[in-house]
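J.: Got a structure here, written out as structure tokens. Questions coming.
The values are calculated or read from the model by the stated rules, or taken from the named source; none is laboratory data. Here the structure is a predicted model, which means the values were calculated and not measured. Heads up, the Cβs are rebuilt from the backbone with ideal geometry, glycines too, and the neighbour counts pull from every protein chain shown. For accessibility, only protein heavy atoms count, side chains too; no ligands or nucleic acids. Shrake-Rupley method; radii C 1.70, N 1.55, O 1.52, S 1.80 Å.
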Amino acid sequence: MSNTIMRIVFRVEGNLKIGLGHMMRCLALAQGLTREGHQVKFITSQASQEFCQKRNDWVGKCILIEDMPLKQEAQWLKAQCENLAADWLILDGYQFDQTYRQILSANRFKFAVFDDLNDSGQLHADLVINGANNAQQLNYLKSEPKAKLAIGSAYQVLRQEFLDLDRENWSQRKTLTLMFGGSDTYNLTLPVLQNLIQSNLTLPIVVVTGAAYSQLNKLSEVIQDAQQDISHIHDCQNMAEILLDTKLAVSAAGGSQFELLACATPAILVVVAKNQITATQHALTQAWCQVINNQVNNDHELTDQEITDQELTEQQISEQVISLWQQTELLHTMHSKALELPVPDGAKNIVNLMFNQQSQSVDT
């Protein structure tokens, strides 16, 4: 790659409601861009900036955006990118609809979108990013026939801490790790931990909660009262190190599953959103994880049946953990299966596509 520097703007959010997954994968790509010498900036709300500022691996300046109607926001964002002389705008979030994207297309800057399901109409993008293994089946040629496609496992983005790890340390792994995402949208951490405590299974437990987790006081009380070997890490800044010490992880599916695989950590993946289903089903075929489906819609007041289903899922998770923890040979086999799978530097591959596309547009 030549010494030409690209200027990239990210538009993304992370908060209690939507979690931090979109923001973390943008951070992973931003780290890959800065590693290659390019300049990045993030445009986010104040709430999202508070999460950014807590991370010791954050890269790029954050620019504040005020709350405004989506169409007006798209026009404002377009003007910001032009004022910043941006070469690329990268958009990540389900709230950004087809009209929003159309306003941002065909401008002086190139336009990329992170996508998961290809179910939101025309993308109006120069580059589509989807690192899921099934992404080739989503017919992006229909929704954006002119776009370059960064799709498939070669484009899974991982933060720099998950690259070039020594994963073959099975004998040193001792802990069970619970991790249900940046905000634990479905409040699984507490009930699963309480069920495990009540089981009287003796094992060291590490509970990891994200920066947007809202039940810290209650969680602290439960851990203190348990008088067991339980550690709690909030807003973890060294996740790879934790997972390399983990014998079994229980995790929300989504971006975390690629981090688990990068660390060759056997896992029980809990599906909490429809966009996680196909990628998690593929992970199941790779034999390094087990899967539990838990899609309860928390956007409305739960019915009695949904509450019962949620409680059954929490119990199922706990029972599956207890069963799998006692199957040492199976856990070792799952670890070995993960070791067989490559860990792509998806960010580097995306950066190369962006640079080549930008260079071609300059030449023409």
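J.: In the stretch 135-277, what is the volume of the convex hull around the alpha carbon atoms, normalised per residue and reported in Å³?
T.: Numbers: hull volume 18.5 nm³, N = 143.
Value for the stretch 135-277: 130 Å³ per residue.
J.: Give the ranking of 292, 223 by solvent-accessible surface, highest area first, calculated with a 1.4 Å probe.
T.: Most to least solvent-accessible, the answer reads 223, 292.
J.: Over the Cα atoms of the stretch 1-83, each weighted equally, I'd like the Debye log10 I(q)/I(0) at q = 0.19 Å⁻¹, rounded to two decimals.
T.: Taking Cα atoms of the stretch 1-83 as identical point scatterers yields -0.87.
J.: If each residue of separation counts as 0.36 nm, what is the full-extension length gain between residue 154 and residue 229 once their alpha-carbon separation is subtracted? Intermediate results must be reported in sequence, preceding the final value.
T.: Working: separation 75, 0.36 × 75 = 27.00 nm, distance 3.88 nm.
Residue separation times 0.36 nm, minus the Cα-Cα distance, leaves 23.1 nm.
J.: Would you kindly find the accessible area of residue 232, with a 1.4 Å probe and non-protein molecules such as ligands, DNA and RNA excluded, rounding to the nearest 10 Å²?
T.: 60
J.: Could you tell me how many degrees, from 0 to 90 and to the nearest 10, lie between the Cα long axis of helix 346-363 and the main elongation axis, the longest principal axis, of the Cα atoms of the chain?
T.: In the chain, helix 346-363 runs at an angle near 0 degrees to the longest axis.
J.: Rounded, prolate or oblate: which fits the stretch 61-122 when a ≥ b ≥ c are the square roots of the eigenvalues of the alpha-carbon gyration tensor, with rounded for a/c under 1.5 and prolate only if a/b beats b/c?
T.: Numbers: a/c = 1.62, a/b = 1.32, b/c = 1.23.
Here the stretch 61-122 falls in the prolate category.
J.: Another one. Which pairs, out of 71/142; 247/348; 78/110; 41/110, put more than 18 Å between their alpha-carbon atoms?
T.: Numbers: 71/142 24 Å; 247/348 29 Å; 78/110 11 Å; 41/110 15 Å.
Table pairs above 18 Å Cα-Cα are 71/142; 247/348.
J.: Hey, another quick one. Determine, from the Cβ-Cβ distance of residue 36 and residue 332 and an R0 of 35 Å, the FRET efficiency 1/(1 + (r/R0)^6), rounded to the nearest 0.05. Let's see the in-between values first.
T.: Working: r = 38 Å, r/R0 = 1.08.
My answer for the efficiency is 0.40.
J.: Quote the relative contact order of the chain in percent (integer), defining contacts as alpha-carbon pairs under 8 Å separated by 6+ residues. If you can, show how the numbers build up before the last one.
T.: On the way: 631 pairs, mean separation 61.3, N = 364.
Relative contact order for the chain comes out at 17 percent.
J.: Another question, if that's okay. Helix 216-226 against the longest principal axis of the chain: what's the angle in degrees, Cα atoms only, rounded to the nearest 10?
T.: The angle comes out at about 20 degrees.
J.: Moving on. Taking the chain as the reference, fit the longest principal axis to its C-alpha atoms, fit the long axis of helix 189-199 to the helix C-alpha atoms, and give the angle between the two in degrees, 0 to 90, nearest 10.
T.: Between helix and principal axis, roughly 20 degrees.
J.: Using only the heavy atoms of the protein chains and a 1.4 Å probe, how would 25, 101, 7 rank by accessible area, largest first?
T.: From most accessible down to least: 7, 25, 101.
J.: Ok, one more. With point charges of +1 on the Cβ of Lys and Arg and -1 on the Cβ of Asp and Glu, referenced to the Cα centre of the stretch 162-302, which listed residue (238, 286, 271) lies farthest in the positive direction of the dipole?
T.: 286
J.: Sticking with this one: On a full-extension model of 0.36 nm per residue, what is the gain between residue 282 and residue 17, subtracting their alpha-carbon distance, rounded to one decimal in nm?
T.: Answer, rounded to one decimal: 92.7 nm.
J.: Hey, any idea what % of the stretch 201-281's accessible area is carbon plus sulfur with a 1.4 Å probe?
T.: Percent of accessible area from carbon and sulfur atoms in the stretch 201-281: 45.
J.: Let me ask something else. Please work out the Cα center distance from the stretch 77-139 to the stretch 167-205, rounded to the nearest Å.
T.: Here the answer is 36 Å between Cα centres.
J.: Let me ask another. Can you tell me the accessible area per residue over the stretch 22-74, all protein chains present, probe 1.4 angstrom, in square angstrom?
T.: Spelled out: the 1.4 Å probe surface of the stretch 22-74, per residue, equals 46 Å².
J.: Put 11, 35 in order of accessible area, largest first, 1.4 Å probe: what do you get?
T.: 35, 11
J.: A further question follows. Measuring from label point to label point, each 7 Å out along Cα→Cβ, what is the residue 323 to residue 46 span in nm?
T.: The two pseudo-label positions are separated by 4.9 nm.
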